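Heads up, the thing below is written out as structure tokens.
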Amino acid sequence: MKKYTYTEKKDTRSGFGAGLLEASKKNKDVVALCADLTGSLKMDAFQKEFPERFFQVGIAEANMIGIAAGMTIGGKIPFTGTFANFSTGRVYDQIRQSVAYSDKNVKICASHAGITLGEDGATHQILEDIGLMKMLPGMTVINPCDYNQTKAATLAIAEHEGPVYLRFGRPTVPVFTDPDQKFEIGKAWMVNEGTDVSIFATGHLVWKAIEAGEKLAEMGINAEIINIHTIKPLDEKAILTSVAKTGCVVSAEEHNRIGGLGDSIAQVLAQHLPSPQEYVAVNDSFGESGTPDQLMEKYGLSSDAIVKAVQKVLARKKAGN
């Protein structure tokens, strides 16, 4: 098992803020819109540096999406910012009609995704957003794993032509990826090569998968861990190559098990390489109030949960089902 270490923890939303500022310095057409959550989205530095390119629309998310879509007609590259729940569920009609259907170059940037929003509770958490966004034709969906990868993804989507949903979070998490990485949209990242089981993880669950891999190695299980940071377009080649070698799969995500990464992987396998698969995800439930760590543990999104899923899927592989 390849060893990964970290010296600090940072929130992925800060990676977005840093990436947005750097992208705006490279391209004067980058503009930012926020729905009254500038501090929470870490858009402060952009606002201070480029006040003429920052638009505070207030608590009017639908209006924000409409304005952003209109700005693209004049050649601007708008980044919209609010909580993931309000970035998707509240404004789905506007995203579908004005952005996706119209193929507008809008970057929908969503913080505080999943249950790690924590104490704000179920009304502010969202576990369906990846499903909502990936079903829209032409929408790119990205869910990076740490500060550095979120910054790199933000820079990459500024150069990408077309609508994008970029998902990130509130809590501080280990920073373990290369600060100078080149983010490739649609290209999975091999975290650890293995032979016994394929673990496909996204977002906050990537570090949990690394922790699980270390525990599995102590048990004599050699896990292949792959970071699927781009949910759509999905790196089908990486998935099929890995599963052809290992013969079984565990998917891990901070999302409803219905409609998320696991379902995308299952669809690929059903079409090309039917294989035993186990899900580590929220089991068709809303969240609740609690600390991020408490909620991750309660809803089965821990490294131990990944270990148990691996043990289960290995038993199924051995039994031939």
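The values are calculated or read from the model by the stated rules, or taken from the named source; none is laboratory data. It should be emphasised that the depicted structure is a prediction, and the values quoted were computed from it without experimental measurement. Positions of Cβ are generated from backbone atoms using ideal geometry, with glycine treated the same way; all protein chains shown enter the neighbour counts.
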Task: One residue from Gln181, Gln94, Gln149 being assigned by TED's automatic domain parsing to the domain that holds Ile65, more than 14 Å from the chain's Cα centre (by Cα) and either farther than 22 Å from Gly70 by Cβ or not aliphatic (A, V, I, L, M) (or both) - done: Gln94
Open item on the list: Of everything in the stretch 91-112, what is more than 21 Å from Gly17 (Cα to Cα) and either at pLDDT below 95 or crowded, with 24+ Cβ neighbours inside 10 Å (or both)? Give them in sequence order.
Closed with: Ile95, Val99
Task: Pairs with Cβ under 9 Å, 6+ apart, first in the stretch 244-258 and at positive phi and touching a residue at least 40 places away in the same chain (Cβ under 8 Å), second buried (at least 17 other Cβ atoms within 10 Å of the Cβ) and assigned to a strand (DSSP E or B) - done: Gly247/Val197; Gly247/Ser198
Open item on the list: Would you confirm whether or not the stretch 280-290 contains a residue that is free of Cβ contacts under 8 Å to residues at least 12 places away in the same chain, assigned to a loop (DSSP other than H, G, I, E, B) and over 21 Å from Tyr165 (Cα atoms)?
Closed with: no
Open item on the list: Just checking, does the stretch 4-20 include any residue being within 14 Å of Pro163 (Cα to Cα), assigned by TED's automatic domain parsing to the domain that holds Tyr165, among the aromatic types (Phe, Trp, Tyr) and within 22 Å of the chain's Cα centre (by Cα)?
Closed with: no
- [ ] From the list Ile210, Ile185, pick out the single residue that is under 18 Å from Gln149 (Cα atoms), aliphatic (A, V, I, L, M) and assigned to a loop (DSSP other than H, G, I, E, B).
- [x] Ile185
Task: Candidates Gly81, Gly17, Gly70 - the one that is crowded, with 22+ Cβ neighbours inside 10 Å and part of a helix (DSSP H, G or I) - done: Gly17
